[in-house]
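Some notes on the structure that comes next.
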2 protein chains.
Amino acid sequence: MRGLYFNGGLQLKEDLPVPEPGPGEALIKVMAAGICHTDKEIVNGYMDFKGIPGHEFVGVVEKVDDPDMLGKRVVGEINCPCGVCPLCVDGKTNHCHDRTTLGISGRDGAFAEYLTLPISNLHIIPDTLPLYAAVFVEPLAACFRITEQVHINPSNRVVVLGDGKLGLMAAQVMRLNGCALLAVGRYTHKLKILDRLGIRTVKQEDLDTRERFDVVIESTGSPEGFDLARALVDAAGTIVQKSTYVESINVDISSLVVDEISIIGSRCGPFEPAIRALMRGLVNVQELIDRRFPLEMGLQAFEYAMRDAALKVILEMKTYPAEGLREPGEMQQHSVI
Amino acid sequence: MRGLYFNGGLQLKEDLPVPEPGPGEALIKVMAAGICHTDKEIVNGYMDFKGIPGHEFVGVVEKVDDPDMLGKRVVGEINCPCGVCPLCVDGKTNHCHDRTTLGISGRDGAFAEYLTLPISNLHIIPDTLPLYAAVFVEPLAACFRITEQVHINPSNRVVVLGDGKLGLMAAQVMRLNGCALLAVGRYTHKLKILDRLGIRTVKQEDLDTRERFDVVIESTGSPEGFDLARALVDAAGTIVQKSTYVESINVDISSLVVDEISIIGSRCGPFEPAIRALMRGLVNVQELIDRRFPLEMGLQAFEYAMRDAALKVILEMKTYPAEGLREPGEMQQHSVI
């Protein structure tokens, strides 16, 4: 099969073997897959991954023991836990030390014609949910992880730092709970997506750093983002840490104690709330699509996605009807600023 | 009046003016006051405090507008907020930026014959609660702050790091909720207090660092304590940070995100639960008393309290009946190892 393969460098290969599903697994024919910030880190050497990257996908179940799943359009949770260790038994399957993670660690991913995943990882996508919305279920689930971990009060003052895809989706999820919300970013064309949804936005250079927030969601991806989060969080407030940084950073622990700050590390989240939010039209993800590339242009797609100004880049196995998508020209406009 | 006074150096003074209570304040005749870790930091220059230190006390209300309070034996919350700023209005009075803090910041404290506090800060101590238990209400409240901030599940695995006074009280509070509990310390004589209460204890050098915990309470007071906390906390677990450190420390933020660790800064807590726990005999604080000194021996008391092996040192204005206290010889035994 055709796919992208990373082994120190990213290559397009035509002769990859179609994977064979193991017991309890399904073979999935990939329809489309999103390039995520983590994928960009992977091709920069993060996780020492070797194999087919990609973990945000929609596909069709082509081979499976469960007849109810056959032919279904699905998305899939990316962590494949052992199921028997104390963490798994305790329900913390996403933290299983023996887990493989689709396209990230120990398991080939979605930037190819086929992938395999355990049946228990799959979520059927309702027929009425557009393909190009469904591609966002995995990263949107990571945003719902925030409200799974932290009780965000509708009277809270919340700020989302970062206008990458994750920040734009996190802001949209925060928008739903009634809180007083500010989104801080670097790109006018990205913040405009939130402006149109009635979210107050500000470019980082224009931010009034005297304002204080009960909850700060740090999704800038850069260590300066943590310092900004610390400066903006009010006493007894919470920093939800989504960004990972390559280096360790210096933290004043005493001030965290005196000000009683909470820092909550936050990663993968629940798929079903994400699917429900998309079905209910509560989150606008399709506007986040910057450009679609066919799989055979995968290397160019990565090159394009590497630009900071880029929004979501999608790889597709063939061209699907672009329900609800903006016209290419319009998308283009957003990506050239 | 007699009192200890810090102004770069700690002095015993005989001619300090008796403070005059302001509107809404009470004049309190101090009976006894505990020397806390923070007091030791203050005489080392922390907070740039000048004045009378001391914030853990029991006293009798001697002058007050409220006749119900007159003559009552009281303990007092140490933060005196402005009451009108957004943090105060939001109920976060302990974080008011304009607050004074008894014996710590902007307000003379308890190591003297008299102090003043707002009436609203005072809690009447039931007659049946021994004086030398009541001295611990303030630090014990800081331990109940932990369960105010974090839901500790009775099935959780909890470890308390540090066998200072705070660690020994935090372990006793954790003991009450049914959780699987380990206390880690450096001194056999301190850990024995917990052993006798059925708490599993281990000296730090004998700790099996492969064991994992859902909640780690970091009360060692040293930056190595944070690294140990990070090593012991399980995925999706919580570090409750009680220790303050003079220097900033290096933190691997990415691993906090991947492992979804929460770090919760924790400071002052609620007095009433602490008083109730003492009244119900659920927490043994009197065993934590190492030695009592009369106020005129305050400098020697500080010198004694500075030793790492010391437990709680109490300053008293006169000698009170030692209800429930160990015999001096027995106390002595614990402090000379």
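The values are calculated or read from the model by the stated rules, or taken from the named source; none is laboratory data. Remember, predicted model here, so these are calculated numbers, not experimental data. Methodologically, a virtual Cβ is constructed for each residue, glycine included, from the backbone with ideal geometry; neighbour enumeration extends over all protein chains shown. We work out accessible area using only protein heavy atoms, side chains counted, and drop any ligands, DNA or RNA first. Shrake-Rupley method; radii C 1.70, N 1.55, O 1.52, S 1.80 Å.
Inter-copy label distances at A:D65, 7 Å along the Cα→beta-carbon direction, one decimal in nm, shortest first?
7.8
Can you give the mean number of other chain Cβ atoms that lie within 10 Å of the Cβ atoms in peptide A:262-270? Before the final figure, lay out each step's value.
Working: counts 10, 11, 8, 13, 4, 7, 2, 0, 0.
So the per-residue partner count for this stretch is 6.
Using 1/(1 + (r/R0)^6) with R0 = 41 angstrom and r between the beta carbons of A:A231 and B:L70, what's the FRET efficiency to the nearest 0.05? List each step's numbers first, then the result.
Details: r = 46 Å, r/R0 = 1.13.
Working from the Cβ atoms, E equals 0.30.
Suppose we look only past 32 Å in the calculated P(r) of the protein assembly as shown. What percent of the Cα-Cα pairs does that tail hold?
Values: 127424 of 226801 pairs.
Pairs farther apart than 32 Å: 56 percent.
So what is the relative contact order of the range A:113-214, in percent, for Cα pairs below 8 Å that sit 6 or more residues apart? Don't skip to the answer; put the middle values down first.
Values: 113 pairs, mean separation 22.3, N = 102.
Reported as a whole number, the value is 22 percent.
Using a 10 Å cut-off around each Cβ of peptide B:231-239, what is the average number of partner chain Cβ atoms that fall inside? Walk me through the numbers on the way to the answer.
Values: counts 0, 0, 0, 5, 9, 9, 2, 2, 1.
What the average comes to for B:231-239 is 3.
Go ahead and set up a Gaussian network model of chain A, Cα springs under 10 Å, then flag whichever of A:V75, A:V61, A:V258 fluctuates most.
For chain A, modelled as a Gaussian network with Cα springs under 10 Å, the answer is A:V258.
Given the options B:S222, B:S155, B:S254, which has the most mean-square fluctuation in a GNM of chain B, springs set between C-alpha atoms less than 10 angstrom apart?
The residue that fluctuates most here is B:S254.
In square angstrom, rounded to the nearest 10, how much accessible surface does A:T128 have for a 1.4 Å probe?
Result for A:T128: roughly 110 Å² accessible.
If you take the Cα Rg of the range A:140-265 and divide it by 2.2 N^0.38 Å, with N the number of residues, what do you get?
Numbers: Rg = 13.4 Å, N = 126, 2.2 N^0.38 = 13.8 Å.
Rg over 2.2 N^0.38 Å, computed on Cα atoms: 0.97.
Can you give me the solvent accessible area of B:R157 with a 1.4 Å probe, rounded to the nearest 10 Å²?
The accessible area comes out at roughly 80 Å².
Would you look at the GNM of chain B, springs on alpha carbons closer than 10 Å, and say which of B:A310, B:A33, B:A180 moves the most?
Residue with maximal mean-square fluctuation among B:A310, B:A33, B:A180: B:A180.
To the nearest 10 square angstrom, what accessible area does B:K50 show with a 1.4 Å probe?
For B:K50, the solvent-accessible surface is approximately 130 Å².
So, for the range A:140-265, what is the accessible surface per residue at a probe of 1.4 Å, expressed in square angstrom? Display every interim value, and only then the final one.
On the way: 4460 Å² over 126 residues.
Spelled out: the 1.4 Å probe surface of the range A:140-265, per residue, equals 35 Å².
Output, in nm with one decimal and in ascending order, the distances from the A:G45 label point to the matching label points of the other copies (7 Å from Cα along Cα-to-Cβ).
In ascending order, 4.2 nm.
Any idea how far apart A:E205 and A:E14 come out in nm if each label point goes 7 Å out from Cα toward Cβ?
Computed distance between label sites A:E205 and A:E14 equals 4.8 nm.
Regarding chain A, what whole-number volume in Å³ per residue does the convex hull of its Cα atoms give?
On the way: hull volume 46.1 nm³, N = 337.
Once divided by residue count, the hull of chain A is 137 Å³.
Provide a whole-number value for the mean count of partner chain Cβ atoms within 10 Å of the Cβ atoms in peptide A:77-90. Present the calculation step by step, with values, prior to reporting the outcome.
Numbers: counts 0, 0, 0, 0, 0, 0, 0, 0, 0, 3, 4, 0, 0, 5.
For this peptide, the per-residue mean of nearby foreign Cβ atoms is 1.
How far is the Cα center of the range A:149-218 from the Cα center of the range B:217-276, in Å?
One Cα centre to the other: 27 Å.
Report, in deg cm²/dmol and to the nearest 500, the calculated mean residue ellipticity at 222 nm for chain B, where each DSSP H run with n ≥ 4 adds -39500 (n - 2.57) and the sum is divided by the residue count.
Details: 11 runs with 88 residues, N = 337.
Roughly -7000 deg cm²/dmol at 222 nm, from the helical runs in chain B.
Tell me: how much accessible area in total is hidden between A and B, 1.4 Å probe, Å², nearest 100? Let's see the in-between values first.
On the way: alone 15010 and 15000 Å², together 26900 Å².
The A and B chains share an interface burying roughly 3100 Å².
How big is the range A:2-106 in terms of Cα radius of gyration and Dmax, in angstroms?
Cα-based Rg and Dmax for the range A:2-106 come out at 14.7, 42 Å.
Relative to the longest principal Cα axis of chain B, at what angle does helix B:165-175 sit, 0 to 90 degrees, rounded to 10?
60 degrees
Distances in nm, one decimal, shortest first, from B:I249 to the same residue in every other copy, taking the label point 7 angstrom along Cα→Cβ.
Label point to label point, same position, other copies: 1.8 nm.
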